[in-house]
Every structure is written in structure tokens, then in C-alpha cells.
Amino acid sequence: MVDELDLKILALLQENSRLSYREIARELKVAVGTVYNRVKRMEEEGIIKGFAPVLDYEKLGFGLTAVIGIKAQGRKITEIEREIARKNQVIIVYDITGEFDIVVVAKFKDRADMNRFVKWLLSLDGVEKTNTSVAMQVVKEDFRIGLTED
């Protein structure tokens, strides 16, 4: 069970995952051991899945973002999703409702890179069709959410 202190710890870690337990404890006015124990518990429970830097993909040469809807045969959907999730370019795979069964967000270096990926998708057994949209501008790309009222 996550309480208000856990949420405050998570909010600080979302802001800066490099904060030390001591810095978090000082900010929240609790003991360092309390912060350590809570972070460890949240890691063990799978609430915290890891710590990663927030990257500027464009500066790394991945300036093309595509959102791809995939229509697939029902019995193959899970297998297709797992296969797609293994690809390095893919940052999101969602099993969705609506016109498409799967939505994928992926980053590419250029159109040729995206073209190869989409053709690979279409070659997968069970993929019936795809619909690719290219992001013209990234307005917001951030998986951090507000956890506290502050």
C-alpha cells in the first residue's frame, strides 16, 4: 500500500532520480533509513521499476517519431506485441480497444529507418494492416505524472 510519504518520495525521484536518500530525507524531514526502506520496498513491489535519465531523442539522432496503429488477428495479438516490444526503436506498445488492436510509438533516425520497421511489422504473421502517423512536433513527451497535491 502506498501512502502520502511514499508519493512524496516518488515525486522527488521523478523530478531527479539522482537524489540521495539523505537529500530526500532532508527535504521530507524524515530519517534516511525511512527513505531507504520505503524505496527498497517500492522496488520489491514493482512500483519503482528502475531509474533512467530523461533523454532528448532528437539530439541523439532519433528525430522522427511515429505512432503506428496495428490491426491483428485476435489469437496472435499477444505474440505480436511481445515481438514488437523487443525492437530497440519501440518506446511504447499498448494493447488497445477501437479500430486497431495495438498501438506502437517508435523513434527513428529517418524515413528509411521507419520504412524498414513498418515493412517488418507487415511481415509478421497475424498483422493484417497498419496505419502510421508521423509526429510533426513533439509538444510533450514525459512519463512523469503529478503524484501529490503540492
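So for region 1-51, Kirkwood radius off the Cα pairs, Stokes-Einstein at 20 °C and 1.002 mPa s: how many µm² s⁻¹?
For these conditions, the coefficient is 199 µm²/s.
For the pair GLU23 and THR148, what calculated FRET efficiency results from E = 1/(1 + (r/R0)^6), where r is the Cβ-Cβ distance and R0 = 22 Å, to the nearest 0.05?
The value I calculate is 0.80.
Report the FRET efficiency, 1/(1 + (r/R0)^6), for GLU58 and GLU128, where r is their Cβ-Cβ distance and R0 is 35 Å, rounded to 0.05.
With R0 = 35 Å, the Cβ-Cβ based efficiency is 0.60.
How much of the pair distance distribution for region 75-145 lies past 21 Å, counting alpha-carbon pairs only, in percent?
Here the tail beyond 21 Å accounts for 26 percent of pairs.
In terms of Cα to Cα distance under 17 Å, which aspartates and glutamates are near enough to LYS29, apart from those fewer than 8 places away along the same chain?
The qualifying aspartates and glutamates are ASP3, GLU4, ASP6, ASP150.
Measure nothing but the geometry: give the 0 to 90° angle between the long axis through the Cα atoms of 4-15 and the longest principal axis through the Cα atoms of the chain, rounded to 10°.
Approximately 60 degrees, to the nearest ten.
With +1 on each Lys and Arg Cβ and -1 on each Asp and Glu Cβ, how big is the dipole of the chain about its Cα centre, in debye rounded to the nearest 20?
520 debye
How large is the Rg to Rh ratio of region 28-69 when both quantities use alpha carbon positions and Rh follows Kirkwood?
Using only Cα positions, Rg/Rh for region 28-69 is 1.27.
Where the only charges are on Cβ atoms (+1 Lys, Arg; -1 Asp, Glu), what is the dipole of region 4-44 about its Cα centre, to the nearest 20 debye?
Charge dipole, region 4-44, about its Cα centre: 160 debye, nearest 20.
Just in region 14-99: which chymotrypsin sites (Phe, Trp or Tyr not before Pro) are loop by DSSP and have at most 14 other Cβ atoms within 10 Å?
Sparse-neighbourhood loop chymotrypsin sites (Phe, Trp or Tyr not before Pro): PHE51.
Regarding the chain, what's the average projected area of the Cα-atom convex hull, expressed in nm²?
The directionally averaged projection comes out at 11.3 nm².
Nearest 10 degrees is fine. How inclined is helix 32-44 to the longest principal axis of the chain, computing both from alpha carbons?
30 degrees
Run the reach check for LYS87 against aspartates and glutamates, Cα to Cα strictly under 15 Å, same-chain hits fewer than 8 apart removed. What comes back?
Answer for LYS87, where 15 Å is the Cα cut-off: GLU79, ASP113, listed by chain and number.
Students often get this wrong, so check it: of LYS40/LYS109; LYS119/LYS140; LYS40/LYS119, which have C-alpha atoms separated by over 32 Å?
LYS40/LYS109; LYS40/LYS119
Measure nothing but the geometry: give the 0 to 90° angle between the long axis through the Cα atoms of 111-123 and the longest principal axis through the Cα atoms of the chain, rounded to 10°.
With rounding to tens, the tilt is 70 degrees.
Readers should treat all values here as calculations from the given coordinates under stated rules, not as data from a laboratory. Everything numeric in this text was worked out from a predicted model, so none of it was measured. Every residue, glycine as well, gets a Cβ built from its backbone with ideal geometry; the counts of neighbours run over all protein chains shown.
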